[in-house]
Each structure stands twice: as structure tokens, then as C-alpha cells.
Amino acid sequence: MTEPPHPPLIDSLTGGAGGVLRELFTLRRDPLPRLSRPRWLARLPHVVVVYAAVFFAFMTTIQFGEHYDVGGELPLVVSAMVGVSIVLAMFRPVAAWWLGLLAAAITAVVIHDHVGQGQYWPWMPGGFIAFAPLILLLALRVPPRVTIAAVGITLGLTGLAQLLAKPEHSTPGFFAAALLFGFTALLGYALRAVRLTRGQLVVQETLTEEERARRTLLEERSRIARELHDVVAHHMSVISIQAQVAPHLVENPSEELKENLAGIRENALEALTELRRVLGVLRSEHPGDPSDPQHPHHPQPNLADLEGLVDNVRGAGLSVTTEVSGLRRPLTPGIELTAYRIVQEALSNCLRHAPGSVVEVGIAYGPRELHLCVANTAPTRPAQPSPGAGHGLLGMRERAGMLGGELAAGPRPGGGYEVSAVLPMDPPGGSRSETTKKDV
């Protein structure tokens, strides 16, 4: 027959007898917390405790001699135990409590035959006060149930000693000990609760500050998104409309002109679509979360879309050849997108800075790395001034660096320019995507 379970209220108050016993018989280190501010007061509690230890050690020695007429080496040993227990309570409060309890027991035995009319036993008058700091320092660091158990054991041993071995004409010290130790335990519990509450407030303030910073970031994202939309989307829309209207403004436009203008309009519309996609990520609080119905996201471009990118560049008048080596296979979305953006930016640079050049795009799938190379010959005509800020290479390096890869760019010996990058298949902190059986 199994025992009925303990009521939840009792478990919450006691924490289980086994847990209290483990706490009472532990020697683990539990340093006294230092004051955080001002800094010059950080060690003040430790100084006060050391001073109290020296004071109570001397007081115990004096009371042995003057009140109970006990001399010799044993009172000095007990006095040293009292002082050491108070100092030890700064680091190991449970062990210090046991040491102080042992010193009190030895004191009761030593003064038993020397107790006079009206004198306290088993505690000396200074023994109550000397033991109170141990209860206080214990209650500051341990759960309330452990403090209650320690005070209960102390008072229980005091009452048991008075019942079994109380000297004649002595004054019982049980009620005085119960009053002082109970008050000290309540004071320690209150100070411990204040300290824990302050710690929780600090944690809450930190979380609030992080939430405020996150909200500020989202507001800045939203502001950037609005500015990008106002500036870029307007001009791209104008380009699209002008490209659509231009054939009607020319008498007998050629098919080549119509085709180029149609390509311009198609690229402008595609740029608008991608712009809105990026702005949706900036406005979203959880970018990349497919469950957000307010900000639907479309698949990001990858290496499978590279042919369409190259065709657009060819349509702009640049001669581009591509070569892919190695076993083509799907990679992680981050590598796919980074590789696509690097090739896209490199081709854009060729259009701006090397008009009329011949461009070679090379992609090599290695066992553990993806190699990219975009090289162009010397331009055949002068390049038009570019209003760009020169952040293209910096952006490519940042993209490669985020995946743990490398990117190099510079002029070629025979003229022209080359951009090469190496991207690891398993970027740091990333996971390989599952490959399909069908090669891309």
C-alpha cells in the first residue's frame, strides 16, 4: 500500500524533509554578497562581521572568567571557536552555524558546575548575542525552511539541556534565546527578500532595456523602409512607365528598340518586386517567419536563377559566358543567396565600369567549398560616371565573411578586373540543408 502524497501546501512550505537535511549538512561555499554601490562600501559588511567576531571572542573570554570563574586553556579555545564561527559565516553559513552550536554545547558543559544564583544556563549572557550573528548570516543566504530548521534545532537542544541537566538556582535561557533567535531569523529573512527582490528588479530592468532597444531597432527599420520606398520605388516606377510609353513616341520604332525597352520595363518591375520583398523583411518584427500573414515573403533568389540574371546582363549589351564545374547540388539557403548576390553585384560592376568587356562567370562545386569567379576583360569604351557610393565590394566581403568565407577582388595582369570568392558548404553555426536525389 503506497503512502498518500504530501499536500502541495506542505511541500511548498517545507520543501521536503530530504531537501532540508541536505541543506543542513552541506559544506558548500556561499559568500556574503558585497554592496554594489557606492564602491568604497563594497567590503563594509565583511569589516563589520570581522569586528563582531573579535568583539564576541573577547567577550566570551571575559564572561568565562568574571561571571563563572572558569579559567585555563579550554575557555580560550571556546572563545576562538566563537570568533572563527562568525568569520566563517561570511563564506560557509551552514558550517559556521554547526561550529557555533558546538561551541555553545562545550560552553554549557564547562560552566555547568560553576553556575551561581540567577545565572543563565546553558547559554552565557553573551552567548545569546554571540550566536545571533550566525542565525542572521544564515538566514541571509539559505531558504526560509532551512533557517526555520536551524532555529528549531538550536532551541530544541536548549530546551532538552534544561530538562535533563539544569543546574540548581540557574535562570532558564530558553525563552530569551527563542525571542532573540526568532527576531534575528525574521530580520535575516526580510533582508534576504529585499536582496532577491532587488536582483529581480535589475533583471527586469535589463529585459526592459533590451525590449526598448529592440523596439527602437524595429522603428528604425520601419523608417528606413519608408524612406527606401519613397526614394527608390518612385524612380523605378517612372522608369517602368517611361519604358512602356517610349515606343509610342517614336515613329516606326524598330523591333530591337521595342525589345530593349521591354527589357528595361521588365527589369524595373522585377526590381520593384524585390524592393518590396526586402522592405517587407525590414518592416516585419519576425523576418523570415512564414507564419506571419501580414508580411508574406517570397523565395529568395538562388543559383538556379543565375541564368535569368545572366540573360538580363546580356540584354544590356554585355557579353557573358558561364561555366559550372563539379557536382551541382542544392546548398543551404544562406549560401545560395550569398553566391547569387555576389555574382549579381560583380556583373553590375561590369556593366557600370567595364562597358563592352567580355565577362566570364565560373562556379565550381567542391567537396566542402563553393568557388565563385567573375572576371572581365578591359572595357572597349569609356565608362560613364557612376553615382554609387562604392559599397559593392564591401557588401560582397560582408556577405562572404558572415558565412566564414573569403572574397578577393582586384585588377587582372592583362587588363580587366576579377572577383573571386570561396564559400564553405557548412558555414559556422549553420546546418546543411537536405539534398534531393535529383541534381539541379
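Report yes if residue 141 is of a type in the set (Lys, Arg), touching an Asp or Glu at 6+ places or on another chain (Cβ under 6 Å) and either open to solvent by less than 30 Å² (accessible area, probe 1.4 Å) or more than 15 Å from residue 68 (Cβ to Cβ) (or both), otherwise no. The answer is yes for residue 141. For segment 107-154, filtering for residues that are closer than 15 Å to residue 166 by Cα and either part of a helix (DSSP H, G or I) or among the aromatic types (Phe, Trp, Tyr) (or both) leaves 11. Within segment 163-191, take every residue that is at pLDDT 85 or above and not aliphatic (A, V, I, L, M) and give me the one that is farthest from residue 130 (Cα to Cα). Ranking the candidates gives 189 first.
Being more than 14 Å from residue 364 (Cβ to Cβ), of a type outside the set (D, E, K, R) and open to solvent by 40 Å² or more (accessible area, probe 1.4 Å) is the filter here, so list the residues in segment 407-426 that pass it. Residues satisfying the conditions are 408, 411, 413, 414, 417.
Rundown of residues vs (1) open to solvent by less than 40 Å² (accessible area, probe 1.4 Å); (2) touching a strand residue (DSSP E or B) at 6+ places or on another chain (Cβ under 7 Å); (3) part of a helix (DSSP H, G or I), yes/no style:
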site	(1), (2), (3)
160	no, no, yes
163	no, no, yes
167	yes, yes, no
182	yes, no, yes
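Listed by position, the helices (runs of 4 or more DSSP H) contained in segment 1-68 that have at least 1 residues being under 16 Å from residue 88 (Cα atoms) and at pLDDT 75 or above are 17-24, 44-66. Pairs meeting the criteria (first residue in segment 176-193 and under 15 Å from residue 159 (Cα atoms), second residue outside any helix (DSSP H, G or I), beta carbons under 9 Å, at least 6 apart or on different chains) are 176/120; 176/123; 177/123. Within segment 322-339, the set of residues being touching a helix residue (DSSP H, G or I) at 6+ places or on another chain (Cβ under 7 Å) and modelled with pLDDT of 90 or more comprises 322, 339. One residue alone among 197, 206 is of a type in the set (Ser, Thr, Tyr), at pLDDT below 80 and open to solvent by 40 Å² or more (accessible area, probe 1.4 Å), and that residue is 206.
The values are calculated or read from the model by the stated rules, or taken from the named source; none is laboratory data. Please read these numbers as outputs of a predicted model, since none were measured by experiment. Neighbour counts are summed over all protein chains in view; Cβ atoms, including those assigned to glycine, are modelled from backbone coordinates with ideal geometry. Surface areas here come from the heavy atoms of the whole protein model, side chains and all, with no ligands, DNA or RNA. Shrake-Rupley method; radii C 1.70, N 1.55, O 1.52, S 1.80 Å.
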